[in-house]
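The values are calculated or read from the model by the stated rules, or taken from the named source; none is laboratory data. Note that the structure is predicted; figures quoted are calculated from it, not measured. Cβ placement follows ideal geometry from the backbone for every residue including glycine, while neighbour counts extend to all protein chains displayed.
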Amino acid sequence: MNKKIVTLAIILALPLTAAACPGGDGDGFHRNRGDRLERLTQELNLSTEQKDKLDVIFKEQRQKAKAIHQETRQQIQEVLNSEQQAQYEALKKQRHEQWQKRHDEHWKNKKTQGETQE
């Protein structure tokens, strides 16, 4: 039963933690939002006013996702006992380390690709 609760908690938290995990200095999210905004600006030929409005929308979206993430983490902590909480934290740390490794490799590859194209 306890393993089922922990598994369920992790499954519910994964999408939110993936969205909210910091990427080193935190620039990863802002770079992605900027990339998305620039791509939409070019593809849809957005005016400056439209671009500014979308930027606000994306910022609000991020704030809402962060609030949901925090609420979910609090609810998970309320369900788990202290031993499970420790295991959960260890799993989160392990998952973050794996994400960080993939993230670093991705940006290293992108940098290498950019240098070869120049």
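General remarks:
- Every condition in (1) of a type in the set (Lys, Arg); (2) modelled with pLDDT of 90 or more; (3) in contact with a helix residue (DSSP H, G or I) (Cβ under 7 Å, 6 or more places away or on another chain) holds for Arg33 except the one numbered (2).
- Matching entry among His96, His103 (being in contact with a helix residue (DSSP H, G or I) (Cβ under 9 Å, 6 or more places away or on another chain), within 28 Å of Gln42 (Cα to Cα) and in a helix (DSSP H, G or I)): His103
- His69 satisfies every condition listed in (1) in contact with a helix residue (DSSP H, G or I) (Cβ under 8 Å, 6 or more places away or on another chain); (2) surrounded by fewer than 14 Cβ atoms within 10 Å (Cβ to Cβ); (3) not basic (Lys, Arg) except (2).
- Scanning the stretch 32-61 for residues that are among the acidic types (Asp, Glu) and on the phi > 0 side of the Ramachandran plot gives no hits.
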